[in-house]
Structures are given as structure tokens and as C-alpha cells.
Amino acid sequence: MDQMKKLMKQAQKMQAQMADLQAKLEEDTMEGTSGGGMVTAVVNGRHELLSLKIKPEAVDPDDVEMLEDLIQTAINEANRRVAEHLQSEMSKVTGGMGLPGF
């Protein structure tokens, strides 16, 4: 029974650490670029787009689809980096256990 209490305390401590870490990570930002830096997107840990920069030479009125693709690629790269960062930091707390939902 003593072992079970000890295990429960460890689980509660880990859960609190993960909640604190997740709150911190939600404020972190990641950047994604496309087109050799023509488009840059910055997102936070909640995957919210914070800024989008487009160099003037990326804007071609005759090829709007290319610009749309560059924007989409930059945002997706930034979000991928956020997911990787969150996973990496969470695995440090969980010891790589890969808990669901994190």
C-alpha cells in the first residue's frame, strides 16, 4: 500500500510539472519559412498565427496560387516545429513515456 501511495504522489507531481510546462510552452513561438525566406510565419504553442511576413517580390498578381502555397507551407512548417518542440519538452518530463494527449 505504501508503494501505491508513493506511485500516486509521483504521478501527481509529474502531472503538475506537465501542466506547468504546457502552459509555458503555449507561450513559446516558432517560425516557419518558405520560398527561400519569401514568406515567414510565426505561431505560438497554441498553433495561433502571430505574424505573417511576405516579401514584395513574392507577390505576383499573375500567380496568386504560388503565394497561397508559400503562405500555407510557411504556416505548416511553423506548426510542425511547435508540435516537435512540445513533444520534445514533454518527453523530458515524462521520461519519454509518450503519454496520450501530450
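Observations on the model:
- Residue match in the stretch 34-46 (condition: in a helix (DSSP H, G or I) and either surrounded by fewer than 16 Cβ atoms within 10 Å (Cβ to Cβ) or touching a residue at least 60 places away in the same chain (Cβ under 8 Å) (or both)): no
- Of all residues in the stretch 15-23, one or more are modelled with pLDDT under 85, on the phi < 0 side of the Ramachandran plot, part of a helix (DSSP H, G or I) and charged (D, E, K, R).
- Screening the candidates D28, D62 for the property of being in contact (Cβ under 8 Å) with a residue 24 or more places away in the chain and of a type in the set (D, E, K, R) yields one hit, D28.
- Residue list for the stretch 1-56, restricted to those being out of contact with any helix residue (DSSP H, G or I) (no Cβ under 8 Å at 6 or more places or on another chain) and of a type in the set (D, E, K, R): D2, K5, K6, K9, K13, D20, K24, E26, E27, E48, K53, K55
- Every listed requirement among (1) exposed (fewer than 15 other Cβ atoms within 10 Å of the Cβ); (2) touching a strand residue (DSSP E or B) at 6+ places or on another chain (Cβ under 6 Å) is met by I54 save one, (1).
- Residue within the stretch 69-87 that is over 22 Å from the mean Cα position of the chain (by Cα), aliphatic (A, V, I, L, M), closer than 21 Å to M38 by Cβ and modelled with pLDDT of 95 or more present: no
The values are calculated or read from the model by the stated rules, or taken from the named source; none is laboratory data. Please read all numbers here as calculations on a predicted model, not as lab measurements. Glycine gets a Cβ as well: all are built from the backbone with ideal geometry, and neighbour counts include every protein chain shown.
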